[in-house]
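Visitor: Sharing a structure, written as structure tokens. Questions coming.
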Amino acid sequence: MDTTSLIIIESAIALVVYFLLRALANKSIDGTVKKRVMVKTRGKLVKKATNLILLLILSTFLLIVWGIDQSELVFFMGSILAVIGIALFAQWSVLSNITSGFILFFNHSVKLDDTVAIMDKDYDIQGRVSDIGLFFVILKTDKDEVISIPSNVFIQKMIRKLPKEA
């Protein structure tokens, strides 16, 4: 078997694995959305981010398989990561909010339409969760005030779920 055939077979296997992983990830995200009764747009955001990460991994693997010099690839990736790192350093809280948004999506007991109280030493906030996004959690108070709390702050505070009103 010549080198070109081997490269094509490895590429085909990589594509099959990519599509399988993508399907499994999307199915898992859809299951989480249904199980936790979430807004579908929230699931779409998580799907896009997950698919982007999988696509970047696939692209890197294919570039290596097709013979791109690894030192050049590492230099290129390092340059890209440095630029992104500098951009995010100025806004590190953006990265923190996105990470917190993923944690809230998959692993937090609070879901839409729950009434919660955020216990803080300075402010006692109480309201109904009207939206949970990657960056903010939106609460609506009894006085029809809309309060947006950054996801990273929401995940750090002690939250008390209040019983449903009859």
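Visitor: Among (1) more than 22 Å from the chain's Cα centre (by Cα); (2) within 30 Å of residue 11 (Cα to Cα), where does residue 162 come up short?
Guide: It is condition (2) that residue 162 fails.
Visitor: Of everything in the range 30-43, what is part of a helix (DSSP H, G or I) and surrounded by 13 or more Cβ atoms within 10 Å (Cβ to Cβ)? Give them in sequence order. Quick ask: steps written out before the conclusion?
Guide: Initial filter on the range 30-43 (part of a helix (DSSP H, G or I)): 30-35, 40-43.
30, 32, 33, 42, 43 - these are the residues of the range 30-43 that are part of a helix (DSSP H, G or I) and surrounded by 13 or more Cβ atoms within 10 Å (Cβ to Cβ).
Visitor: Residue check, residue 58 against (1) in the same structural domain as residue 21 (by TED's automatic domain parsing); (2) assigned to a loop (DSSP other than H, G, I, E, B); (3) of a type outside the set (Phe, Trp, Tyr); (4) in contact with a helix residue (DSSP H, G or I) (Cβ under 7 Å, 6 or more places away or on another chain), all met but one. Which one?
Guide: Against the list (1) in the same structural domain as residue 21 (by TED's automatic domain parsing); (2) assigned to a loop (DSSP other than H, G, I, E, B); (3) of a type outside the set (Phe, Trp, Tyr); (4) in contact with a helix residue (DSSP H, G or I) (Cβ under 7 Å, 6 or more places away or on another chain), residue 58 comes up short only on (2).
The values are calculated or read from the model by the stated rules, or taken from the named source; none is laboratory data. It should be emphasised that the depicted structure is a prediction, and the values quoted were computed from it without experimental measurement. Please note: Cβ atoms are built from the backbone with ideal geometry, for glycine as well, and neighbour counts cover all protein chains shown.
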